[in-house]
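The block underneath contains the structure these notes are about, expressed in structure tokens.
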Amino acid sequence: MKEMQLQDWNKTIEKLEGRFGGGLDLQAILFLVGLQELGQSYQALNKNQKVDVIHIAVCALLSQWGYYEFAGHDEDGWPHWKETEKLPSLNAKQQDLLIKEAIVQYFA
């Protein structure tokens, strides 16, 4: 991340930790985004559903750049996306940077 983007990331973290408490890592933030996109009232989620919530977050975040397009909700109200553009081949560090940039943009 460029220095300015790192500052934006740190500001985003501070904003979220001010609202939800400290110690948020990338997975926790993805879970928060996924819950926001799910838009349902609180419900207990099993492990697979929690993974699905994180998947919802990734799709929603990357839809900002045209990699996914919202396809609608299923009968249970869960949102679904379809891939519209193939993601470039990225290593783990590059993937984290891409997601962090998308999170900064999402909360901007």
(request) Give the number of residues within the stretch 3-45 that are over 14 Å from the mean Cα position of the chain (by Cα), outside any helix (DSSP H, G or I) and either within 15 Å of residue 96 (Cα to Cα) or among the hydroxyl-bearing types (Ser, Thr, Tyr) (or both). (result) 2
(request) Check 85, 3, 69, 75 and return the single one that is surrounded by fewer than 13 Cβ atoms within 10 Å (Cβ to Cβ) and at pLDDT 95 or above. (result) 69
(request) Select from the stretch 88-108 the residues that are open to solvent by less than 80 Å² (accessible area, probe 1.4 Å) and either closer than 17 Å to residue 36 by Cα or of a type in the set (D, E, K, R) (or both) and list them in ascending order. (result) 96, 99, 100, 101, 102, 103, 104, 106, 107
(request) For residue 65, work out the one condition from (1) touching a residue at least 24 places away in the same chain (Cβ under 8 Å); (2) closer than 22 Å to residue 7 by Cα; (3) within 11 Å of the chain's Cα centre (by Cα) it doesn't fulfil. (result) (3)
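The values are calculated or read from the model by the stated rules, or taken from the named source; none is laboratory data. None of these values were measured; they are calculated from a predicted model. Because the Cβ atoms are built from the backbone with ideal geometry, glycine has one as well, and the counts that use them run over all protein chains shown. For accessibility, only protein heavy atoms count, side chains too; no ligands or nucleic acids. Shrake-Rupley method; radii C 1.70, N 1.55, O 1.52, S 1.80 Å.
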